[in-house]
Amino acid sequence: DVIHHRPSLTTGHRPSHPSTFYSPPSTMAMAADNSSQNDEVRRKLLKPKVTPDEALSILIDLYIADGFGVDSELPRAEVIQELDSYDDVNYLVKINGEKALLKIHNGVESEKYISAHAKKRAKLDAAGSSSADDGSSRTSVIDLHTAIFGHLATPKYNVTTGKTIPTKKSASSDGDESVCIRELAVVSSEHSPQQLVIRLQGWVHGTPLSSIKWCPIETLIDSGACLGRTCHALDELATSDPDALQASKRYHAWDGQNLMDLKPYISHIDDIDQRKLVSNVIEGFEKAMIEGKEGEKLRMGINHGDFNDANIIIDDEMKVSGVIDFGDTVYSWRVLDVAVAMAYAMISSYGQGKRSLSAACAILRGFHHTYPLSSNERKHLRLLVACRLALSATMGNYTYKQNPENEYILFHSKPAWEALHFIWGIDGQGAGGNTAEAVENAFDIACDDIHVPAESSIPEFIDISFPDPSVVDPLATARVDSKKNQKPDGEKASEPVVTFVTGNKKKAEEVQRILSAGADLPFKLMNHKIDLPELQGDPISVAKEKCALASKEIKGAVITEDTSLCFTALNNMPGVYIKWFLEANGLDGLNDMISFSKDKSGYAQTVVAFCAGPGKEVFTFDGRTQGKIVRPRGSLDFGWDPIFEPDEGNGLTYAEMTGAQKDSMS
């Protein structure tokens, strides 16, 4: 029912669930006021308990300028309905006929806002009311949301979200007209009432993607692109607003960096196989991101944190019209934002149509086209997608047990288990123990450079529009036969294959160009990415061992290439470790390492290794080019090439040369 009053209003929200380096917290933050319960548990206890009548009174009291005192045939404030939410209370309302969202924040975030602003008042009282605000009060999550909504209102970002509607001045808290505070009941009677923060936002018009029974793949690609634009905008916010950046550096249980803190919740999972599945994901995360310190190599940024289909708003043309719910915004690994979106795309209406991998690839293509990922970020995508699915399924299970009447909580957790089994599996190799490589290859394809038709803003997608492996392919044999039939005349069916081990498309093209020298090769050269162990030693021994391992993995003939960049001033270091030095320090950082010395000379070394098959002899070929280390010049998309100027290069760096020029000397 709609509740009317002459001066009345409500707001609602759609459903939701839950470049510097930063070390994540290692243990779960404990709640304020000496509570023995952590914030995640307290959010359940301190969820607002606000009736539609109370919501109407709040609207009238705080957002209708003349309160109850004006006669009108048309109600000025209406409460339309309560909307689903994890920890807050959201109402869809109308004010003067316009839709809006009334959000009553849970007690945990409200406490932190009130505490921060109380400290501000205390400082001002101590220093005199004329003292300027030093910004320390604007570091709560609620203040962060205010900053984000204001920042995204800039048209250049092309990202629409709900604008904050100011309260009446008489109702504002501490001069902040973006929110107000009221004492209201919460779920836990022992903790009621609580001082809770209230915000009113403009409505983002359209339909949540989660409400669309069948969305096209183009919509998911567009969603990924929208997330990319949002990340660019949040990067600029982090640079321009230090208070917002500080506010985003908080502990949040749904932040993927904190996956280890999911362990205590595993015991609440009843199904043994599901417990094993989540435990295996956590083990994979611990091995790679913590013990392997891979997390330290990832870019940081302010993340939306929950870019799921319930928070993506679609217009009548099935294009993204807006983004909502920044409740999980946190400073974290940038790649987590797209990993979260990919995880939820797998269980979107498109993904649940037996196209879960295609759905994840669609998000990735749109995002990478707009906000390119680094090779390190791409390397861990499958793991991080699995981490989010494990987190969603496990926390959904736990939250539902605490609040079984909230059916919305199961919205994502049930299909999340199926997607998690498919992408990760009990042993980390995916469903059936053999899908991991296929998933990672699909993610690589999604990140390929792709054509964008002139008449469209959406990249092409035919190569990522495929069903999941569980779908029987009646044309499988025909596809194989068609490949045979497409072979050029005279080509033997038993044409030998040699695999060049790399995931770098440009590197593969370079090797093909050098080996062929304009003629046909007597074998078919393919490229394939393999995750080999990081070996230590001299360049020749490392190259031999890697080639032997690669041949065993491929079960055939392989070529490997190991490049080194050696600085004379550093006794020929970094050498074979140049990749990790580059990732950790950047091009300018490599230069800075030898700033102490006048000797900028060095050499580039390439060791090519060939093995005809598992267990066979490995042959190596060692080539060196003398030169010097310079400040970066030329294209920046090919490793350390911009800082190496060969002696015979006529003053050009590798990155400034044409392919033919570089081939002639490297």
Seminar exercise, completed: Within region 615-666, the residues that are open to solvent by less than 50 Å² (accessible area, probe 1.4 Å) and either β-branched (Val, Ile, Thr) or part of a strand (DSSP E or B) (or both) are Val618, Thr620, Gly623, Thr625, Gly627, Ile629, Val630, Ile643, Phe644, Glu645, Pro646, Thr653
For this session: Take the residues in region 505-531 that are at pLDDT 75 or above and assigned to a loop (DSSP other than H, G, I, E, B), then tell me which one is most open to solvent (accessible area, probe 1.4 Å).
Result: Pro522
For this session: Would you mention how many residues in region 58-79 are modelled with pLDDT of 85 or more and over 15 Å from Leu101 (Cα atoms)?
Result: 1
For this session: Report whether or not Asp448 is farther than 30 Å from Leu83 by Cβ, modelled with pLDDT of 80 or more, acidic (Asp, Glu) and surrounded by fewer than 16 Cβ atoms within 10 Å (Cβ to Cβ).
Result: yes
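From the list Ala359, Ala345, pick out the single residue that is open to solvent by less than 10 Å² (accessible area, probe 1.4 Å) and over 29 Å from Lys163 (Cβ atoms). Outline the logic, then answer.
Values: Ala345 fails: over 29 Å from Lys163 (Cβ atoms).
The unique qualifying residue is Ala359.
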For this session: Keeping to region 416-437, report how many residues are modelled with pLDDT of 85 or more, in a helix (DSSP H, G or I) and open to solvent by less than 90 Å² (accessible area, probe 1.4 Å).
Result: 8
Seminar exercise, completed: Of (1) of a type outside the set (Ser, Thr, Tyr); (2) open to solvent by less than 40 Å² (accessible area, probe 1.4 Å); (3) part of a strand (DSSP E or B), Ile221 satisfies every one except (3)
Exercise. Quick check: anything in region 547-565 assigned to a strand (DSSP E or B), open to solvent by 20 Å² or more (accessible area, probe 1.4 Å) and farther than 17 Å from Val501 by Cβ?
Worked result: no
Problem set entry | In region 318-357, the residues that are assigned to a helix (DSSP H, G or I) and more than 14 Å from Leu227 (Cβ to Cβ) | Met346, Ser356, Leu357
For this session: Residue by residue through region 583-599, note down the ones that are open to solvent by 40 Å² or more (accessible area, probe 1.4 Å) and either part of a helix (DSSP H, G or I) or at pLDDT below 90 (or both).
Result: Glu583, Ala584, Asn585, Asp588, Asp592
Exercise. For the subset of region 239-281 comprising residues that are among the β-branched types (Val, Ile, Thr) and crowded, with 17+ Cβ neighbours inside 10 Å, which member is farthest from the chain's Cα centre (by Cα)?
Worked result: Ile269
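The values are calculated or read from the model by the stated rules, or taken from the named source; none is laboratory data. These numbers come from a predicted model, not from an experiment. Glycine gets a Cβ as well: all are built from the backbone with ideal geometry, and neighbour counts include every protein chain shown. Ligands, DNA and RNA are excluded from the accessible area calculation, which covers all protein heavy atoms including side chains. Shrake-Rupley method; radii C 1.70, N 1.55, O 1.52, S 1.80 Å.
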